[in-house]
Amino acid sequence: MTNIVWCNIAIFLLASLFLTDNALVLEALHHAPNRIKDQPYRTGYHFQPPKNWMNDWTGPMIYKGIYHLFYQWYPNGVVTDFNKIVWGHATSTDLINWTPHSPAIKPSRPSDINGCWSGSVTILPNGKPVILYTGNDRNNHQVQNLARPKNLSDPYLRHWTKSPANPLVTPNAVNHINSTAFRDPTTAWLGRNGRWRVITGSQEGRRGLALLHTSRDFTSWKQSTKPLHYNDGTGMWECPDFFPVARFNPQGLDTSSFGESIKHVLKVSLSETSHDYYTIGTYDRMRDVYVPDDGFVQDGTAPRYDYGKFYASKTFYDSVYRRRILWGWVNESSPVKDNVDKGWAGLQAIPRKVWLDESGKRLMLWPVKEIERLRAKQVKLENKVLEGGGSVLDVHGVTASQADVEVFFKVTGLEEADVIEPGWTDPQLICSQNKTASSGLGPFGLMVLASKNLEEYTSVYLRIFKARQNSKDHVVVMCSDQSRSSLEKGNDKTPFGAFLDISPYQPISLRTLIDNSIVESFVGKGKTCITSRVYPKLAIGKNAHLFAFNNGSQNVDVLSLSAWSMKSSL
Ligand code: DQQ
């Protein structure tokens, strides 16, 4: 065949791609940046759109065995314009490999012309999904809109039709809702009288609120006389999430579940701190209010899903595997000019299964098991001693820039732990103290994305203190410290820290997912998590190393350390 014929065939194939499904074209775009050699911070197995800005998850769901991932995407640049933001869309059968599609919802109507903001999917009793989302309308007022799949027999649900009744709920003089603080409707649940309930985040002065609306038909919504919950002095509640958890069972529950052995969780994203906080409590179905359990307050003192970078998260019920899955947005820590150079900004954390701990006082979060399918070569070490006084163990044979590491430490000599300083009540500040001082128990843990000679590293570690002199009570602190993560100066390298509710008398587990520019760490099998973003200059690709270390004066045993090189997802 001549070159001309080949050329014609190529043109024909290209044209048919465009004509048949622009998703295919998008797909090619989607995967291209992963192959760009000078993109050391592009992730291998975390979801990213092809390019440009991404923020919140919006409306995760499973429909007919296919997971759908919608996300806030600014298609035109790395620095977002929220007045033009769309619902990006991708699907997967395994939560690992994603097929991109064209945006599901874009600004097009007076009720969303200035941005299609966050929202949620509800699966109706007839099995059909429906989206509620916030539109920023032509007056820049936040209103609630509805969209339905155009063609339910399309397994990818690529096209969505906006309801002619939009906007369904608007702020006005009668309902006194703040028109610039009324957004992010949750998945709806069926309440006591068979009516749907949905909450939306809001703010009145310094009071943060979860406004409650009810509906019989999902189209006509009535504001409840009381919010589901509120708290003064917190500022805007973005992206609320409200869901049931079983008291003594790690299985997830449908959002409408209610019963004696069920507790409820309210999560709000506080815009003032950019962190996600949750409380565990009781949903009073008669009064339609939520009451946090004793010890919980819905403010910045509440526990966090993650003590690092993790915001605007959302859960959904995976009815196939009967689990509740949490997704969260992980923003960059690099300056805008670097993001512009990279051509993208924003990651999504690995989806985490979420369930209620046996104590009933905290949630457990653990990467979905599917991620383990990406594990390739394994390196395993057992019964190694990290001697006190400063020791480093080089973990060879693993692709340290893209790895899954799980360690079990055993600490002895707890009586030698330093007494915690009385003023050390902020774990983040403790993690900023001099970490190289060799004293007491720890710091010990992992140095990840490290250069060979440790000019660069991110350390994920533990420190154990005595609560008081002569006390057998201990305080355990987890840190993810990126202060030495890069020779580059412009990044935000503030260390992250959290107090841990674990016994140092038992082996302590630490799992860390490393993926080029993201480090997600889980202690105590998911009791506490910290996610960091780092941008090493030396410790990239094959030049990245992994070490275990102990800078404390007491020995620490590594009972076992497994490290897997991680394959890239598609
Ligand atoms: N992001 C969306 C809002 C939401 C905020 C806009 C939280 O709906 O409140 O992209 O990150």
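The values are calculated or read from the model by the stated rules, or taken from the named source; none is laboratory data. Since the model is a prediction, treat every value here as computed from it, not as a measurement. Counting neighbours? That spans all protein chains shown, and the Cβs are built from the backbone with ideal geometry, glycine included. Only protein heavy atoms, including side chains, enter the accessible area calculation; ligands, DNA and RNA are left aside. Shrake-Rupley method; radii C 1.70, N 1.55, O 1.52, S 1.80 Å.
Counting each DSSP H run of 4 or more residues in the chain as -39500 (n - 2.57), what helix-only mean residue ellipticity at 222 nm follows after dividing by all residues, to the nearest 500 deg cm²/dmol? Walk me through the numbers before you get to the answer.
Values: 4 runs with 43 residues, N = 570.
My calculation for the chain gives -2500 deg cm²/dmol from helical runs alone.
Computed 3J(HN,Hα) for the range 163-178, one whole-Hz value per residue from the Karplus formula 6.51 cos²θ - 1.76 cosθ + 1.60 where θ = phi - 60°, is 5, x, 7, 4, x, 7, 9, 10, x, 7, 5, 7, 8, 6, 7, 5, glycine and proline marked x.
Database remark: amide H of M236 closer than 5 angstrom to the amide H of S271, E272 (H placed geometrically; neighbours at sequence offset of 5 or more, or on other chains; Pro and chain starts carry no H). In the frame of its principal axes, the chain has Cα extents of 77, 70, 40 Å, reported largest first.
Normalised by the number of residues in the range 371-566, the average gap of Cα pairs under 8 Å and 6 or more apart makes the relative contact order 41 percent. Taking amide H atoms as placed 1.01 Å from N in the peptide plane, the amide H of V289 lies under 5 Å from those of D284, each 5 or more residues away in sequence or on another chain. Please work out, to two decimal places, the log10 of the ratio I(q)/I(0) at q = 0.15 Å⁻¹ from a Debye calculation in which every Cα of the range 196-283 carries one identical scatterer. Listed by q, the Debye log ratios stand at -0.61. Over the range 135-196, Cα pairs under 8 Å with separation of 6+ residues give a relative contact order of 31 percent.
Counting only lysines at least 8 places from K377 when in the same chain, those with an alpha carbon closer than 18 Å to its own are K369, K542, K567. Contact order for the chain, expressed relative to its length and based on alpha carbon pairs under 8 Å spaced 6+ residues apart, stands at 13 percent. Computed from phi, the 3J(HN,Hα) profile of the range 212-219 under the Karplus parametrisation 6.51, -1.76, 1.60 (θ = phi - 60°) reads 10, 10, 10, 7, 8, 10, 6, 10 Hz, with x in place of Gly and Pro. Simple rule: put +1 on each Lys or Arg Cβ and -1 on each Asp or Glu Cβ in the chain, find the dipole, and look at I514, V395, Y461; the Cα lying farthest toward the positive end is I514. Dipole size of the chain about its Cα centre, with +1 on Lys/Arg Cβ and -1 on Asp/Glu Cβ: approximately 1300 debye, rounded to the nearest 20. Ordering L326, T282, P292 by Cα displacement along the dipole of the range 278-333 toward the positive end leaves L326 in first place; charges were set at the Cβ atoms of Lys, Arg (+1) and Asp, Glu (-1).
Compute the accessible area per residue over the chain, keeping the other protein chains in place, probe 1.4 Å, unit Å². Mind dumping the intermediate values first?
Working: 23060 Å² over 570 residues.
With all protein chains present, the chain gives 40 Å² per residue.
Stokes-Einstein diffusion for the range 371-566, with the hydrodynamic radius set to the Kirkwood value over Cα pairs and evaluated at 10 °C in a medium of 1.306 mPa s, equals 96 µm²/s.
Looking at the range 309-467 alone, DSSP beta bridges between its own residues are antiparallel in about 95 percent of cases.
Per the 1.4 Å probe, what fraction of the accessible area of the range 53-367, in percent, lies on carbon and sulfur atoms?
Values: 5760 of 11610 Å².
With neighbouring chains kept in place, the figure for the range 53-367 is 50 percent.
Can you send over the carbon and sulfur percentage of the accessible area for the range 371-566, probe radius 1.4 Å, protein chains only? Whole-percent figure for carbon plus sulfur exposure: 47.
Remark: for residue pairs K309/K537; K384/K452; K314/K353, the C-alpha separation exceeds 19 Å in K309/K537; K384/K452. Sites listed here are trypsin sites (Lys or Arg not before Pro) in the range 405-470 whose DSSP assignment is loop and whose Cβ has at most 16 other Cβ atoms within 10 Å: K452, R468. Among the chymotrypsin sites (Phe, Trp or Tyr not before Pro) in the range 496-555, those located in a DSSP loop and surrounded by at most 14 other Cβ atoms within 10 Å of their own Cβ are Y505.
If you count, for each residue, the other Cβ atoms within 10 Å and average over each peptide, how do 139-146, 476-483, 288-295, 399-406 line up from highest to lowest? If you can, show how the numbers build up before the last one.
Values: 139-146: 20.5, 476-483: 24.4, 288-295: 15.2, 399-406: 22.4.
Ranking, from highest mean packing down: 476-483, 399-406, 139-146, 288-295.
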